[in-house]
Structures are given as C-alpha cells and as structure tokens.
Amino acid sequence: VSDSNFSLLVFITFSVRSQDIRNTVGNIPMEWYKDYPHIGYDLEGKKIFKPIRNKDELDEFLDKMENPDYWRTVQDKMTGADIRLSDEQVDLVHRLQQGKFGDVNFNEYEPAIDFFSNEVMIHPVTNRPQDKRSFIPSLIEKEKVGKLVHAIKMGWIKPRRPKETTPQYYDLWAKEDPNSILGRHKMHVPAPKMKLPGHEESYNPPPEYLLSEEERLAWEQQDPEYRKLSFLPQKFACLRAVPAYSRFIHERFERCLDLYLCPRQRKMRVNVNPEDLIPKLPKPKDLQPFPTTQSLVYRGHSSLVRSISVSPSGQWLVSGSDDCTVRFWEVSTARCLKTVEVGGAVKGVAWNPNPSICLVAVSYDDTVVLLNPGLGDRLVCTATDQLISSYEEPEEVMDQSVQWAVAEGEGHEQGHRLILKHPKTVRQVTWHGKGDYLACVMPDNGSSLQVVIHQVSKRRTQNPFRKNKGLVQCVSFHPIRPYFFVATQRYVRVYNLIKQELTKKLMANCKWISSMAIHPGGDNVICGSYDCRLAWFDLDLSTKPYKVLRHHKKALRSVAYHRHYPLFASGSDDGSVIVCHGMVYNDLLQNPLIVPVKVLKGHTITHDLGVLDVTFHPTQPWVFSSGADGTVRLFT
Amino acid sequence: MSQVQARFFTENKKYLIDDVPFSIPAASEVADLSGVINKLLEAKNDGHKHVEFDFLVRGQFLRTSLASHMEKENISTEEVVEIEYVEKFTAPQPEECIMHDDWISSVEADSEWILTGSYDKTARIWSMEGKAVMTVAGHTDVVKDVAWVKRSENLQTGSLVVNDASLLLTASLDQTIMLWEWNSERNKVEARHCCRGHAGSVDTVAVDPTRTKVCVLPTVEEDEIEEPNRPRKKQKTEQMGLTRTPLMTFSGHNEAVSSVLWMDAEELCSASWDHTIRLWDAETGEQKSTLTGSKVFNSISYSPLCRRLASGSTDRHVRLWDPRSKDGSLVLLSLTSHNGWVTAVRWSPSHEHQLVSGSLDNVVKLWDTRSCKAPLYDLAAHEDKILCVDWTENGLILSGGADNKLYTYRYSTCVSDAGA
C-alpha cells in the first residue's frame, strides 16, 4: 500500500477496529512514538504496546510468497497491527483509486436546479436588496482609469499603435543578379529532342526499308560517320525474337555527351521596331503648295499627245500629237488658239526658253521645224522673224549633215520658219537656256551621229561626239554651266562642252532610261526608266543614285522639275502622275529631302499607254500632263 | 428646349407685324416660321397674299431648324431671339439663251443692251430679248474684255460732239484696245481710237465711274527678266487721232494681271497671278496697299454698297476682302461650294449682300454673304466652262462660257432688300 493511501487507511482502521483496542492519542504524527515501546493509550489509559516485529526481510519474502492474503494486508499505524482488508474494503479502495465516489449508490449526474436565474421568483432564494456599491461608479476604477488617461496624455503609453500597412513578406529574388548562378537557371535551354523512331527501326519493317545485299555492303564499307542509318534494319518473326540492342550503352553515352557539351550560351536578339528604322518625313500637308486636283482638260487632239511645252511666260502651252498637228493653247481657259499641221507624227516640241524669242521647235519624222506661233507680244514675234530673215549666207559653204531650209508659201503662213532635215528620225528636241542652241536626238545604236547641236542664229550644225556608246535616249543642257547630259540606256554621261571631255558617268542602276530632267540648281538629276524606277542623282554625292523611287506600277515616260518650287513630277504608263517634294539645300552637308506628296489621276489608258509627257508651269505650282487619250490635263 | 421666345421684325413696311414676343417651337424651320408670319399678316389685313419669307438670326440666314442654328451660332435660348424676316429671294428664272459662234470671253450689260466679247475676234451688241443688234469686228485676235464707256442717253443731253451715240471698248489678244462709237439709231459702228502700249494680250479693261478714263491691263510682261508687269491707264481726250498711248503705267505685279477695276474715281484695284491684289492711286500711280492671297486670282469685283472686294481664284473659293485693311492679309469670309476654278465674280449692283460667281465646273452660283455655307441658288445651265458673269440693275443675271451660249436669268428685284 502506498503512502498516498495512508489517510484512507486511518479512516478504514476506525471502522475495522471498533470492537478492538482504541488508541486515544488522537491525530498526531505517529513518529513521536517511534522510540517508545508503546504506541499510545487505550480508553482505560493503559499503554498499548507495539506488537513484536521480529520479521526480517526473508520472513517478509516468504510471507509474501506463501500468504494468499498478503496483498490485502495493511499495517495499522495507530496500533501497529496487521489488518486483513475485507472484500468490501478492497472494493472501496478500488473505487476511490479510479476516482469514483465511495458510495455505490451516489448519482453524480443528478439534474441541477438553477436557483439564481433571470426569472423573478415569487419566493426568491434571497431577498436582500442590491448594494449601493452596485449603483455608484467605483472610485478605484476611476482612479485606475485616471492614471491611464494621465499616462496617455503625458505620452508614456501609446493609446493604439497604428497597424503596419506594409506587407510582412518581401521579394526574395528582387535583388538577385540575373547573371549569377541562380539567375542563369532562368535561361533554360531545352535539350534537343531525339528523333522519333521510324519504320526502319521496326522489328518487322516493310520490305522497302530492308536493305538489299549491295546496299548492305555499301553500308558496311561506309564510314560510320557518314552513314545515313546508324544500324541495319532487320526483320524478325516476332517481338520475342528481337535481341538486346548492342549499341545501347554507347548510344546513351553519346546522348549524355550531347547534353553535357551543348553550348548554353543564348544568342540575344535585338528587338528593333521596323517603324523606327524609317526616317521621319514631313507630312505632305506641310509641303504646300503642290498640285492636288485636275482643273482643266485641253481637248482637241485625236491621237496620242507625245510632247508638251509651256511658254516662258506661262500663258501658252504647245502640244504635239501623233495626229500630225501641233496645237497652241491658252493655259488659263484651255482654249485652242492655233493648230499647225506638220508632215508627220510629232515626237517632240520645245518652246524656246528665252522670253525675247518666240520660237517653238517641233520634231517629226526626220525633220525639225522651228515655228513662230505668233502668240504673246507682237514685237517679240516680229523681232524673231527679223532675226531669222536677217541671216546671211557665209562665204564658204560648210558641208553639214543637216539641211537648213527656210519655209515659204503656205508653211510660212502657218508659222513655219526654218526646216531642218536630218538624216535620221529625230526623237527629242531640247533648247539651251539662252535659246540659241538646240540639241536633237536621233537614236541609232552604235552610230556616230546620234546627237546634233544646232546654232539657230548661225544656222550651223555640230556633231559633238565622234562616237556614241550605246543608244542615246535623251539629252539635256545644264541650266547654268557648259555641261551637256547624254542619257543612254543605262548610263547618263556628263560632258564638259568647253573642255570637250567626259566629266561624269552616272550609273542609273536600271535597264532602260526613258527620260531625264536636270534640277534648275544644276546639281541634281532625275531619271525615269522603263522598269518603273525613278532615280535621283546628286552629282556632288556619287555617280550612283542617291535615291530610287519605285512608286509607279508601269514604265515611266517622263520626268520634270519645277523651276522655282521644290517639286518634281513623273508620268507613267499606269495613267498617273506622281508629284514629289524634292527640296535641295544650299548646305552641302544636307542631303536632298524627297517626299512623295500626290498621285494625280485623270488620264485614261489607251493602247497600254498612259501619261506620255509631264511639264510644270514656269511660275505656278501647276503640272501639265499629256496622255495617250489625246488630252492634256492641268493639275493645280 | 422645346419653345423659344422670339420677336419678329422687318424693315419692309408692307409686312409689319406687332412687336410682341412669340413662343415658337424650337424645331421649327423656315417654312414653319414663314407660315407663322403669313398667318399673322392674314389676321391683320384681309387682302394679304401668301409670301415666302427668309429669316435672319443675328445677320445669318436660317437654313436648318431654329434650335440647331442657335446651338451652332452659340445663341442663348433663355432670352428673346430677335429674328428678322425678309421676303424670300425667288429663284432666278432662265430667260434667254443667246447663241454665239465661239466662246464668250466677256459680257457687260446695261439696262438696254448687252455687249459680249467673243473668241471669234468680234464683240456683239444684243438687245435684252436676245436679238443680235450689231457685230463689232475689227480686232485681229480674240476679244478678251468689253466695256461700255458712254451710253447714248448721256450723250444726247450732255455732249454736242457726239450725238445719239454710245461708246464702247474692246480689249483683245492682239495687244490693242479699240474704242468704238455706236449709233444705235442708224445702227452703225465706227472705230474711233486704237490704244496701243501693251506688250502682251490685253485681258481686262475697266472704265472709271466718271466714264472718262479707261484702265486696261495686259496679261504678260515682256521686258527683261524680273521686270514687273505693267498695268496701264489711258485717258481719252477730245483730240482726234487714231492711235493712243498710255497716260500712266502702274508697275508692281510680277505676273499676269487678270482683273482690274475702279474702286472710285481716285483708286484702282488690280488682281494678278502673282497671288496679290494691289490698290493704286490713280492720280500719282503709286501703290497704296497689297492684299496677299495664296492662290492665283482670276477675277475680282468691288461693291460700293458694302465696300468689300470679292475675289475668285484657282482654288474653288470665293473670298471676300476688306480693301481698307492696311496689312491686307485679312480674309473676311470664304464662300466654298464650287468644284473648279472660280473664273468670274460679280457683286449685285443693287443688293449689298448678293454676288454671283461662275466657275469651270459649269455652274453659276448666286451667293448671299449672310449665308456663307451654301449658295442661295445654283444656276446650272451651261454645258461647258463659264468665263464671264454680269448683273444688270433691272433684274438680269448674265453668264457666258465655253459652250458658246450666253444665258440670261430674270431675278425679282426685292423691294424690301434693295439698298437695305
């Protein structure tokens, strides 16, 4: 029996030994009687002697072994006697040990009766009136609150700490260097995928995949590196018969080497927006004025109008057509003032740029006629006639390839003044800026006589070139300097007329030049070609085109510069005229600014031909175009 | 906003109504308002006949509903709106179609006769009924402009030298101006003077208000490069002699002069292809001011009634200018509706707000400056380019063009508006 049960045992001994000697010492520690032979006194006052305890350990052990009631024997501390517990007592001990109530019949879970409930009873348990204390505020509490308020006022305690708004977590990788080892893992390079097995890898491949004897021999003789297949396709009766793959380890090793030696460096591609690469061009709206709408149509020709030219005053327009007529128009009203018939389809017309001479050069077949239209100042017209008639034959007659003749009779009435018979068909006529020299082009491949220059005042003809390379397409005088431009199929050659040498050769980069125009400043040239290109040359810059424009859908027939405004135009077989802004700066460092500003449509396409000639008005930003539909149109 | 308080008033005594504000629906348009006025007039006097009215809100014609017009013009709807009503300008009625042999380059008409210049090198005189009265032939090239100098009535009373004769001028491409004397009774024409001096075709002539001086202009300058163009003026004196030379030359234009006119007896105005309108002092020959545009001017017209210049240019707009503004860059209004170059403009001789314009798009338009968004009427009779227009004071609008036809239209001279 343990010590914890000691008090219990005391209780039990009373009940057990009621009939026995009763110790009267009371509830005292029994150690006090430890050194005495007695243990206390009975009711009669006689000493109760301690029972003789001579049992040693061995006896104790034997007793434990032999006595069946040993486990229920306890020693009474009051008397020192051994007591054997009865069954009921053992039961009680067990119950208590289990934490149960001692009495078997006691119900721990009886229903509770709530005496002090919210319900007002008729007969309350207590009828005591409520304390005064419960009505008046507590002085102690007031003192405590006052202290707190004072502490808050003095700032000793903070009433309420503001809540932390910043999140409590942080970005672990925020400051990570992408080039560090961890960062590099982001640049994951996936392993190259293995090729999927094909039919030839099958254990039972179709017969066409099986190699024939020769193929097999060839395969064996081939170097393993160059073999198309690294194995021989084989046929087995069933899957069970397929042996283990002998090169398995080898192949896995190769694969591992591939993965291990794969270059992990990633090529960084620079992302450039293609829009950013295009240079910023000004808006066409800011480049006014330029022609925008068709204003007038000059009708009258019955066939295609090959060539047009405007008088230097800008009041008259001349047009030459395939219906063998030359017509003179009033620009402002589209009135045909004069029609002159010539003996063939007119290829070119050119108004003399000198305002004090009233002459128009017209070329048809092998003839160039100088016409006096009789328009403009009467004085100028008569002066021109006098200038031509005042010519005196020189002493020695020069042997010239071109026959000069003075028109007489009906031709003179119509305005013909001089007739120049050429040996070949004349395609183009152009005047020098001073109005005395006239250049004619007679295209003939390889011939030495393709370009001639006439001097009208002396009725002299020169052949400036001993031999011509290629087929001459068109020629032009430099507006200021003594240069002469000759355009052949692929090149434009610039000759110095005084030094008589070739100064430049421009490579047009196209197949067949059709037309050419010189900028009034003289340093820029545009060339139109039959392969839909317009090439702008800057003579100071290079012999190659500064810019090539491919806006037209069909062959270009004509190009022109404006004399004052920074404009140039091109006419094409697609029936449209494209006007571009071409600003040339005096500053040598600044390149010309070229902006296409307007597509002008109006001509109908006849016989696959659209616009045949374009030319600008000398003073206004207006462009004239002549077309295969027999009309000349003015765009303003 | 469904109702608007409006007060109607008019200058015309014939159509006066009581001066009280009316509440009218805001969505009402011109026809509704016209109905309202007619109802009021009928209630007032029994013999009233229905009249179509046009309405002006703060000097602008009402063309849409009243509400949208007020919103556009930013007029408060809270206050009483002052609405002026005038008799509606009825559409000009086509009257005659006078056929010519060739293009008509110019027309000038007075109350009795119509004078036209044609590309067949002649000028013609027509009666108002379209009957050919006289053909003036003598130029060797196209006649570009014509002008009456004196009418016979004036001469009958005033001059003893020329009895019962009219004087007229023709300018031609052959660089001359011819002064003709036409006796309407005997129907004979006689060339009196030939004026030379231009170095190019003479495109326009103008006779000054006192009818003694003539201003003529060439289109082309022929001298050295950079030499300005030369408008020239010529005085007609009583001395006899066939050829005359200019009295004064006005130099300054860089390009062809397209139109010239007299503003009053001392002031000249010329428009040119060099994008300027210049005002000249006729006495000294000095340039007074310059109005600079952005396009070539084809034609100008001046109205002494409203003291404005109207110009037709190669960009489809008719522009109004104030010639008194010194800087010259002030464009008062632009009237935009044409589709081609405006070749001719002419103010109404009797109405301060009306003008006609002819264009290369074959349409003559009648404008009122109080409604600048759209013309009053389009007169689409021509089949080809229109080259000239004119008004007469007795109710005719004339237009001639490249279809060889001279059309006349009769318009009702609005009594209420005349000289308003």
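The values are calculated or read from the model by the stated rules, or taken from the named source; none is laboratory data. Given the structure is predicted, the values throughout are model-derived calculations rather than measurements. Every residue, glycine as well, gets a Cβ built from its backbone with ideal geometry; the counts of neighbours run over all protein chains shown. Keep in mind that these areas ignore ligands, DNA and RNA; they rest on the heavy atoms of the full protein, side chains included. Shrake-Rupley method; radii C 1.70, N 1.55, O 1.52, S 1.80 Å.
Considering only DSSP beta bridges with both partners in the range B:3-87, what is the antiparallel share in %, to the nearest 5? List each step's numbers first, then the result.
Numbers: 11 of 15 bridges.
If we restrict to bridges inside the range B:3-87, about 75 percent are antiparallel.
With the simple model of a label 7 Å out from the Cα in the direction of the Cβ, B:GLN5 to A:ASP69 spans 13.1 nm. Computed from the alpha carbon atoms alone, the convex hull of the range A:484-587 holds 92 Å³ per residue.
Kindly provide the Kirkwood hydrodynamic radius of the range B:3-87 in Å, to one decimal, from all pairs of distinct alpha carbon atoms.
Values: mean 1/r = 0.0770 Å⁻¹.
Value: 13.0 Å, from the Cα pair sum.
Put simply, when B:354-360, A:625-631, B:28-34, B:13-19 are sorted by average Cβ atoms within 10 angstrom per residue, most first, you get B:354-360, A:625-631, B:28-34, B:13-19. Among A:TYR226, A:VAL90, A:SER307, whose Cα sits farthest toward the positive end of the charge dipole of chain A (+1 at Cβ of Lys/Arg, -1 at Cβ of Asp/Glu, about the Cα centre)? After comparing all options, I get A:SER307. At a threshold of 40 Å², the residues of the range B:257-289 that become less accessible to a 1.4 Å probe in the full protein assembly than in their chain on its own are B:TRP273. Rolling a 1.4 Å probe over the protein heavy atoms of the range B:37-136, with every protein chain left in place, gives an accessible area that is 46 percent carbon and sulfur. Taking a ≥ b ≥ c as the square roots of the Cα gyration tensor eigenvalues, with a/c under 1.5 meaning rounded and otherwise prolate when a/b beats b/c, else oblate, which class fits the range A:268-373? Prolate. Can you give me the relative contact order of the range B:3-87 as a percent, contacts being Cα pairs under 8 Å and 6 or more apart? It comes to 41 percent, rounded to a whole number.
Give the residue from B:GLN60, B:ILE37, B:ILE83 lying farthest towards the positive end of the charge dipole for the range B:3-87; charges sit on Cβ (+1 for Lys and Arg, -1 for Asp and Glu) and the dipole is referred to the Cα centre. Working it through, the farthest residue towards the positive pole turns out to be B:ILE37. Buried surface between chains A and B: roughly 2000 Å² of accessible area, summed over both sides, computed with a 1.4 Å probe on protein heavy atoms only. Restricting the calculation to Cα atoms, the range A:413-572 shows an Rg/Rh of 0.96 when the hydrodynamic-style radius is the Kirkwood one. Counting charges near A:TYR203 (Lys, Arg +1; Asp, Glu -1) among other residues having Cβ under 13 Å from its Cβ returns a value of 0. Computed from the Cβ-Cβ distance with R0 of 25 Å, the FRET efficiency linking B:GLN287 to A:GLN288 stands at 0.35.
Magnitude of the charge dipole for the protein assembly as shown, about its Cα centre and with charges confined to Cβ atoms of Lys, Arg (+1) and Asp, Glu (-1), is about 2560 debye.
Divide by every residue of chain A the summed helix terms, -39500 (n - 2.57) for each DSSP H run of at least 4, and state the resulting mean residue ellipticity at 222 nm, rounded to the nearest 500 deg cm²/dmol.
On the way: 10 runs with 96 residues, N = 636.
One gets -4500 deg cm²/dmol as the mean residue ellipticity at 222 nm.
Between their Cα atoms, which of A:LYS554/B:LYS373; A:LYS601/B:LYS373; A:LYS434/B:LYS295; B:LYS144/B:LYS295; A:LYS195/A:LYS267; A:LYS280/A:LYS554 are more than 32 Å away from each other?
Values: A:LYS554/B:LYS373 42 Å; A:LYS601/B:LYS373 29 Å; A:LYS434/B:LYS295 30 Å; B:LYS144/B:LYS295 22 Å; A:LYS195/A:LYS267 24 Å; A:LYS280/A:LYS554 27 Å.
Beyond 32 Å: A:LYS554/B:LYS373.
For the range B:40-108, the relative contact order comes to 34 percent (Cα pairs under 8 Å, sequence separation of at least 6). For the pair A:LEU96 and A:PHE135, the difference between a 0.36 nm per residue extended length and the Cα-Cα distance amounts to 9.2 nm. Alpha-carbon geometry of the range A:387-507: the Rg and the Dmax are 15.4, 48 Å, given in that order. Accessible surface calculations at 1.4 Å, restricted to protein heavy atoms, place the protein assembly as shown at 55 Å² per residue. Dipole orientation for the protein assembly as shown: of the candidates A:ALA407, A:PHE61, B:VAL146, A:PHE61 has the Cα lying most toward the positive pole (charges on Cβ; Lys, Arg +1; Asp, Glu -1).
Spatially, the range A:567-594 and the range B:7-83 are offset by 57 Å when compared through their Cα centroids.
The range A:326-378 and the range B:254-330 have Cα centres separated by 34 Å.
Filter the cross-link list A:LYS34/A:LYS55; A:LYS467/A:LYS547; B:LYS121/B:LYS405 down to pairs whose alpha-carbon distance in this structure exceeds 25 Å. Walk me through the numbers before you get to the answer.
Details: A:LYS34/A:LYS55 18 Å; A:LYS467/A:LYS547 31 Å; B:LYS121/B:LYS405 16 Å.
Table pairs above 25 Å Cα-Cα are A:LYS467/A:LYS547.
The lysine pair tally for the range B:3-87, using Cα distances under 23 Å and a gap of 8 or more places or different chains, is 7.
Take peptides A:87-99, B:167-179 and line them up by average Cβ neighbours within 10 Å, highest first, as a rough protection proxy. If you can, show how the numbers build up before the last one.
On the way: A:87-99: 12.2, B:167-179: 24.0.
So the order, starting with the most tightly packed, is B:167-179, A:87-99.
Loop-located trypsin sites (Lys or Arg not before Pro) across the range A:120-170 with a Cβ neighbour count of 10 or fewer within 10 Å are A:LYS132, A:ARG133, A:ARG160, A:LYS163, with loop assigned by DSSP. Taking one quarter of the surface of the convex hull spanned by the alpha-carbon atoms of the range A:196-340 gives a direction-averaged projected area of 25.2 nm². Per residue, the convex hull around the alpha carbon atoms of chain A comes to 680 Å³.
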